[in-house]
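*Asks:* My questions will all concern the structure given below.
Any read-out appearing in this document is the output of simple, stated calculations on the displayed coordinates, not a laboratory observation. Bear in mind that the values here come from a model prediction, so they are computed numbers and not experimental data. Cβ placement follows ideal geometry from the backbone for every residue including glycine, while neighbour counts extend to all protein chains displayed.
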Amino acid sequence: MKTTRRELLKLTGLAASASLLLGPDKAFARTVQRDTSTQVGMLVDTTRCIGCQSCEIACSEANGLPPPTDKPNAGQRRTTGIDAYTVVNEIESEKSNIFCKTQCMHCDQPACVSACITNAMYKTPEGPVIWRENKCMGCRYCMLACPFDVPKFEYESINPRIRKCILCYDRLGDGKQPACVEACPQEAVQYGRRGDLLDIARKRIADHPAQYVHNIYGENEVGGTNVLYLSSVPFEQLGFKTDLGTVAYPEFTKTFLYSVPLVLLLGPAFMAGLRHATRPGDDKSH
Amino acid sequence: MNTTPTTRSFGRAVGQDLWPFIKSELKPKGKLLTPFNIISAPVILLGLALIVLRFTKGLGATTNLNQEFPWGIWIGFDVVTGVAFAAGAYTLTFLVYVLRMEKYHSIVRATVLNGFLAYVFYSGALALDVGRPWKMINPIIGNSFGISSVLFLVAWHFLLYMIAQFIEFSPAIAEWLGLRRLRKILSTLTVGAVIFGICLSLLHQSGLGALFLLAAAKIHPLWYTEYIPVLFVVSSVFAGMSIVIIEGSISHRVFGNMIDPKHHAEHTDILVGLGRLAAVAMFVYFFLKVLVLIHGLHFDLLNTPMGHIYLIEMVGFVLFPMLLFIYGAQIRNKNVLLSAAIISALGIIFNRLNISVIAFKWDVPMHYVPSWMEIVITLAVVFGEIWAFRWAVNRMPVFVDSPAWAKQIDKELAEPQPAVQEIGLKDKQIA
């Protein structure tokens, strides 16, 4: 090979520009813990919920979805779907039966957003995690990544969309609350700034220590979520995943993404050197 | 049709027009009613019909994918396994162009061609799986860069690596078309493309594993580890070697008459060398797997149904073929090496499907099983790739030697360089 040095410089330049192009510097910004207290979120107090499905009906209306066809029923697990962004389940527990609303948790550092190849999944600065139709290519990596299995996909459509709760992001701008919050007759779902909601939740636990488990689900799970839960029984009894840990999901791929610019920069230089070193009949020149 | 391979002309003769030549080359060569064609042609036709169905009725009508299982065998086999199988190209070009192990030079073209086509077909199959393929351009043209996504990295690396592999193979195309000037230019790009391609390969082979790092709570703890990316790279080395051995053994039977007798004799040497390398990679892989197992503290899980699958994978499809490779290389037996390669390739399929499908949400009651349509389309993709490979091999200098004029160019390029000033002069003379 002629002019190894030029080759090397060329490759190094190429690698440097490639790593600038592909370098995941922005990826790391997401993994830095920041103050989320002013983001908006929801507090779901499962001790207050009576399973009336008002939230489900309001959600369907607000999002143009068909009204719910089935009711919460103990022993049967309902899941959110392409035409139901929130569902209420009835769960038998050691105390009385508990009703529990589920929807997107609106993580602070969402797995779906870090997975998304097109930035279609987007964490708005206000807090809600939304999906943008004009960007999504339908790879469904968000579904694979989401620890709560929230994003749903329209498999039967030839123009399929990802469907999930967006915390009524389009209504928030008008000064309105999410539809489910507005509809709840029990104030079981509350809307507000995450910091305030945490204060309310802590106060409720402090005021009624016998009524609640002393834990707010979503405060630290997967790095913190903007939807917070209060419960009278341990959360695993409600079917919540309690083994997710407190590490934000983008952290899992951070180390790997760090290695990309390194390999692209050092790899070509190393191999060009190796090729130079294995040049045949070169002993005399050194 | 009935020309014997020795008189069959590879490449365009001087003075022959380009377009009539290409037209004539598009016609089939060789027998049409071979057992392989009789099996593969209906599968490809059925696959094409099902692809039409997929685009007119949607993914729900053709696949068993659902809200619990967003990725099936089109990802787990076509992409994740297919790309591991295509790893022979980067490992072999590393041996030949970086370490200058000339022994393997004669099989580089076939391997790179196979790798290139594998990427085209298998990552092309992604367009079937993706729900909104008309948006696939988004992460490429830059209006939607999801740069925090491992998938973004993998997609870009697929694209760049396909270009790199095309550059690596392009001298063969230039020889086929008789384009001498172009051949000369293209062959100067080979080493750059190889080195860049190896870096890209290391990153996207591991990237395919890193994709599953985000499925932390969903993959069985015996398979989920933060070392998945490393394990994917190391296993891609012997996956690639195994496919090179299998492909080489089949090619030597099917295309044997094209191959220079000199290379026939070298073939055992090459297989023995590849077998040894595969065994080394498998040892490293096995060692890493054991370390991960020890660190994970999941010994209790070994005596569960999933644990048994894990043990079958590790002992039956890694440890056993590794020993078989060593034994085959020791006694220099092609059939033993081929058996080892087949078993370890099956082991790669098993491993990749374990991570992406089988051990993914292993505990849900209604586990995903691919539909017959998913399987037929997958087979059609594989057969399509083999057809494209055969088409190219029958026309381009892949197994046959390059034409004399091309060798002359290589010789000129390989000549030791005189002093710097003279290079400038020489360049001018060429221009």
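*Asks:* Return the Cα extents of the protein assembly as shown along principal axes one, two and three, sorted largest first, each rounded to a whole Å.
*Replies:* 89, 58, 52
*Asks:* May I pose another question? With contacts defined as alpha carbon pairs under 8 Å and 6 or more residues apart, what's the relative contact order of the stretch B:43-397 in percent?
*Replies:* The value is 29 percent.
*Asks:* Under a Cβ-Cβ cut-off of 14 Å, what is the net charge of the residues other than B:Thr268 that fall near it, where Lys and Arg count +1 and Asp and Glu count -1?
*Replies:* With Lys, Arg at +1 and Asp, Glu at -1, the neighbours total +3.
*Asks:* If the label point is 7 Å along Cα→Cβ of A:Thr124, which residues in the stretch A:147-165 have backbone nitrogen under 15 Å from it?
*Replies:* What the label zone holds, given the 15 Å backbone N cut-off, is A:164-165.
*Asks:* Order these by the 10 Å Cβ neighbour count, fewest first: A:Met137, A:Met121. Can you show the working numbers first?
*Replies:* On the way: A:Met137 25, A:Met121 28.
Going from sparsest to densest Cβ surroundings: A:Met137, A:Met121.
*Asks:* Relative contact order for chain A: what is it in percent, counting Cα pairs under 8 Å that are at least 6 residues apart?
*Replies:* Averaging sequence separation for qualifying contacts and normalising by length gives 27 percent for chain A.
*Asks:* Helix hunt in chain A: which complete DSSP H runs extend at least 24 Å axially by C-alpha with mean Kyte-Doolittle at least 0.5?
*Replies:* Details: long enough: A:4-22 (26 Å, 0.64); A:250-277 (40 Å, 0.81).
Answer set is A:4-22, A:250-277.
*Asks:* How would you rank B:Ile39, B:Ile51, A:Ile162, B:Ile228, going from fewest to most other Cβ atoms within 10 Å of each one's own Cβ?
*Replies:* Neighbour counts put them in this order, fewest first: B:Ile39, B:Ile51, B:Ile228, A:Ile162.
*Asks:* Another one. Strictly over 27 Å apart at the Cα level, which of B:Lys31/B:Lys407; B:Lys135/B:Lys361; A:Lys101/B:Lys218 would you flag in this model?
*Replies:* On the way: B:Lys31/B:Lys407 31 Å; B:Lys135/B:Lys361 29 Å; A:Lys101/B:Lys218 23 Å.
The pairs that break the limit, which is 27 Å between Cα atoms, are B:Lys31/B:Lys407; B:Lys135/B:Lys361.
*Asks:* Right, something else. Give the shape of the stretch B:324-407 as rounded, prolate or oblate, defined through the alpha-carbon gyration tensor: a ≥ b ≥ c are the square roots of its eigenvalues, a/c under 1.5 means rounded, and otherwise the shape is prolate if a/b is larger than b/c and oblate if not.
*Replies:* oblate
*Asks:* Arrange the following residues from fewest to most other Cβ atoms within 10 Å of their Cβ: B:Arg390, A:Arg163.
*Replies:* Ascending Cβ contact count within 10 Å gives the list B:Arg390, A:Arg163.
*Asks:* Between B:Gln330 and B:Leu48, with labels modelled 7 Å along Cα→Cβ, what's the label distance in nm to one decimal, could you check?
*Replies:* The two pseudo-label positions are separated by 5.1 nm.
*Asks:* Let me ask you something else. With +1 on each Lys and Arg Cβ and -1 on each Asp and Glu Cβ, how big is the dipole of chain A about its Cα centre, in debye rounded to the nearest 20?
*Replies:* That gives chain A a dipole magnitude of about 1420 debye.
*Asks:* Averaged across B:47-60, how many Cβ atoms of other chains sit within 10 Å of each residue's Cβ atom?
*Replies:* If you average over the peptide's residues, the count of other-chain Cβ atoms is 2.
*Asks:* When we measure straight from the Cα of A:Lys152, which aspartates and glutamates land under 17 angstrom away, once same-chain ones fewer than 8 places off are left out?
*Replies:* Straight-distance partners of A:Lys152: A:Glu56, A:Asp83, A:Glu133, B:Glu68, B:Asp129.
*Asks:* Binning every alpha carbon pair distance of the stretch A:34-247 at 5 Å from zero, what are the percents per bin?
*Replies:* For the stretch A:34-247, the binned pair fractions read 1, 7, 15, 20, 22, 18, 11, 4, 1, 0, 0 percent.
*Asks:* Also: Taking 7 Å along the Cα-to-C-beta vector as the label spot, tell me the B:Thr304-A:Tyr258 distance in nanometres, rounded to one decimal.
*Replies:* Modelled inter-label distance: 3.1 nm.
*Asks:* Further question on the same structure: Net charge near A:Cys180: determine it from the other residues with C-beta under 10 Å of the C-beta of A:Cys180, scoring Lys and Arg +1 and Asp and Glu -1.
*Replies:* Counting the neighbours of A:Cys180, the net charge comes to -1.
*Asks:* Between rounded, prolate and oblate, where does the stretch B:43-397 land on the alpha carbon gyration tensor, with a ≥ b ≥ c its root eigenvalues, rounded for a/c under 1.5, else prolate if a/b exceeds b/c?
*Replies:* Oblate shape, in that a/c is at least 1.5 and b/c is the bigger or equal ratio.
*Asks:* Would you please give the FRET efficiency between B:Val369 and A:Glu133, computed as 1/(1 + (r/R0)^6) with r the Cβ-Cβ distance and R0 = 45 Å, to the nearest 0.05?
*Replies:* Step by step, r from the Cβ atoms, then E = 0.90.
*Asks:* Now for a separate question. Per-residue mean of other chain beta-carbon atoms within 10 angstrom of the beta-carbon, peptide B:215-228?
*Replies:* Across the residues of B:215-228, the mean count of other-chain Cβ atoms within 10 Å is 3.
*Asks:* Using the per-residue mean of other Cβ atoms lying within 10 Å as a proxy for protection, in what order, highest first, do the peptides B:294-302, A:197-205 fall?
*Replies:* Ranking the peptides B:294-302, A:197-205 by packing returns A:197-205, B:294-302.
*Asks:* Between A:Ser37 and B:Glu68, what is the FRET efficiency for a Förster distance of 35 Å, r being their Cβ-Cβ separation, to the nearest 0.05? List each step's numbers first, then the result.
*Replies:* Values: r = 35 Å, r/R0 = 0.99.
Using R0 = 35 Å, I get an efficiency of 0.50.
*Asks:* Hey, another quick one. Once the Cα atoms of helix B:150-177 and of chain B are each reduced to a long axis, what angle between those two axes, in degrees from 0 to 90 to the nearest 10, is obtained?
*Replies:* So the inclination is approximately 30 degrees.
*Asks:* Could you work out the helix-only [θ] at 222 nm for chain A, with each DSSP H run of four or more residues adding -39,500 (n - 2.57) and the total divided by the number of residues, to the nearest 500 deg cm²/dmol?
*Replies:* Calculated at 222 nm, the ellipticity per residue is -10000 deg cm²/dmol.
*Asks:* Enumerate cysteines in chain A without a disulfide-compatible partner, where compatibility requires another Cys Cβ under 4.7 angstrom.
*Replies:* A:Cys49, A:Cys52, A:Cys59, A:Cys100, A:Cys107, A:Cys116, A:Cys136, A:Cys139, A:Cys146, A:Cys168, A:Cys184 - these cysteines have no disulfide-compatible partner (Cβ-Cβ under 4.7 Å) in chain A.
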